[in-house]
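Working notes for the structure below.
The values are calculated or read from the model by the stated rules, or taken from the named source; none is laboratory data. Only a predicted model underlies this, so the values are computations on that prediction, with no experimental measurement involved. Every residue, glycine as well, gets a Cβ built from its backbone with ideal geometry; the counts of neighbours run over all protein chains shown.
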Amino acid sequence: MKPAHIAIIMDGNGRWARARGLPRSAGHRAGVEALRRTVRAAGETGIRWLTIYAFSSENWSRPKSEVSDLMGLLRLFIRRDLAELHQNGVRVRIVGSREGLEPDIAALLVEAESLTAGNTNMNLVVAFNYGSRDEILRAARAVAMEAKAGRLDPEKMTMEDFAARLDTVGMPDPDLIIRTSGEQRLSNFLLWQAAYAEFVFLPCHWPEFGPSELAAAIRLFEERDRRFGSIAQEAVS
Ligand code: FPP
């Protein structure tokens with residue numbers, strides 16, 4: 001069965017650029033092209049949820065000029081692509097902390113979400129200023145505050161109660177997480193949500209990713225035997 005929700009760690013823009021003697025900014029620009037191809041291909045393949053790791057809460061530690069390049073690319077992506085996404089019935093959601101973002105970026109994120117709120121063909125979730133530990137800590141703080149105010153009984157709190165305070169409330173967990181560029185780690189991405197995700201690590205750098213790489217990752221996913229902690233059906237005696 002095809003994954004309902006694919007999440008992607010778009011890694012390797014810098015290495016792709018270096019291998020071609022180009023500045024890192026050229027790698028990120030090529031990364032946006034790959035992102036466009038991938039969103040289209042995912043839509044055509046019938047993937048209902050696509051989450052992309054666009055900027056992590058740790059990415060602020062990169063040189064100022066690179067952070068500013070990435071912010072510029074997000075602005076451009078929303079300004080240029082929002083109309084097409086909306087036309088294609090894509091609902092955009094942003095996960096991550098909104099604190100400390102430049103006001104025009106914060107406004108663009110709100111605009112992207114509110115314009116596309118009624119769309120139902122596909123969901124594009126952009127993880128921006130996102131870090132999973134930060135998300136979990138904010139959720140923990142929220143439940144602690146509610147318990148303190150007497151609105152939530154800590155003894156009776158369920159996993160659903162906790163998940164309802166995460167940025168991803170209402171979203172299905174990712175079935176498949178793809179990471180490009182050969183690295184094999186989660187890098188603070190969807191730690192809670194990835195509990196039963198399948199991982200596919202591809203050697204290509206993100207700017208080289210496109211419809212055939214997406215199809216290959218989905219094929220690998222379809223070969224996996226997902227048991228969610230249980231045993232295979234044929235082993236039940
Ligand atoms: C990883 O490459 C990529 C990122 C840090 C950000 C991903 C960003 C894009 C695909 C373009 C921007 C898109 C939006 C919508 C903001 P890297 O720089 O870590 O590559 P390296 O590990 O080879 O140096």
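For region 85-105, how many residues are part of a helix (DSSP H, G or I), farther than 19 Å from residue 135 by Cβ and in contact with a Lys or Arg (Cβ under 9 Å, 6 or more places away or on another chain)?
Adding up the residues that qualify gives 2.
Restricting attention to region 16-30, which residues are farther than 16 Å from residue 59 by Cα and charged (D, E, K, R)?
18, 20, 29, listed by residue number.
Yes/no per residue for (1) in a loop (DSSP other than H, G, I, E, B); (2) over 14 Å from the mean Cα position of the chain (by Cα); (3) at pLDDT below 95; (4) within 11 Å of residue 9 (Cα to Cα):
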residue: 170; (1), (2), (3), (4): yes, yes, no, no
residue: 173; (1), (2), (3), (4): yes, no, no, no
residue: 177; (1), (2), (3), (4): no, no, no, yes
residue: 186; (1), (2), (3), (4): yes, no, no, yes
residue: 190; (1), (2), (3), (4): yes, no, no, yes
residue: 195; (1), (2), (3), (4): yes, yes, no, no
residue: 200; (1), (2), (3), (4): no, yes, no, yes
residue: 204; (1), (2), (3), (4): yes, yes, no, no
residue: 207; (1), (2), (3), (4): no, yes, no, no
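Need the failing condition index for residue 166 against (1) buried (at least 18 other Cβ atoms within 10 Å of the Cβ); (2) part of a loop (DSSP other than H, G, I, E, B); (3) touching a strand residue (DSSP E or B) at 6+ places or on another chain (Cβ under 8 Å), just the number.
If we test residue 166 against (1) buried (at least 18 other Cβ atoms within 10 Å of the Cβ); (2) part of a loop (DSSP other than H, G, I, E, B); (3) touching a strand residue (DSSP E or B) at 6+ places or on another chain (Cβ under 8 Å), just (3) comes out false.
So in region 46-60, with the set limited to residues that are buried (at least 19 other Cβ atoms within 10 Å of the Cβ) and under 14 Å from residue 133 (Cα atoms), which one is nearest to the ligand (Cβ to nearest atom)?
56
Can you go through 24, 37, 29, 15 and tell me which one is in contact with a helix residue (DSSP H, G or I) (Cβ under 8 Å, 6 or more places away or on another chain), of a type outside the set (Asp, Glu), more than 8 Å from the ligand (Cβ to nearest atom) and under 16 Å from residue 205 (Cβ atoms)?
After applying the criteria, what remains is 37.
How many residues does region 116-135 contain that are surrounded by fewer than 17 Cβ atoms within 10 Å (Cβ to Cβ) and closer than 25 Å to residue 56 by Cβ?
As a first pass, look at region 116-135 and keep what is surrounded by fewer than 17 Cβ atoms within 10 Å (Cβ to Cβ): 117-118, 120-121, 133.
Checking the rest, the ones that are also closer than 25 Å to residue 56 by Cβ come to 133.
So the answer is 1.
Would you mind finding the one in 108, 82 that is in a helix (DSSP H, G or I), free of Cβ contacts under 8 Å to residues at least 40 places away in the same chain, within 16 Å of the ligand (Cβ to nearest atom) and closer than 23 Å to residue 45 by Cα?
82
What are the pairs, 6+ residues apart or on separate chains, where a residue within region 146-166 that is in contact (Cβ under 8 Å) with a residue 24 or more places away in the chain has its Cβ under 7 Å from a residue that is surrounded by fewer than 14 Cβ atoms within 10 Å (Cβ to Cβ)?
From residues that are in contact (Cβ under 8 Å) with a residue 24 or more places away in the chain, the pairs are 163/169.
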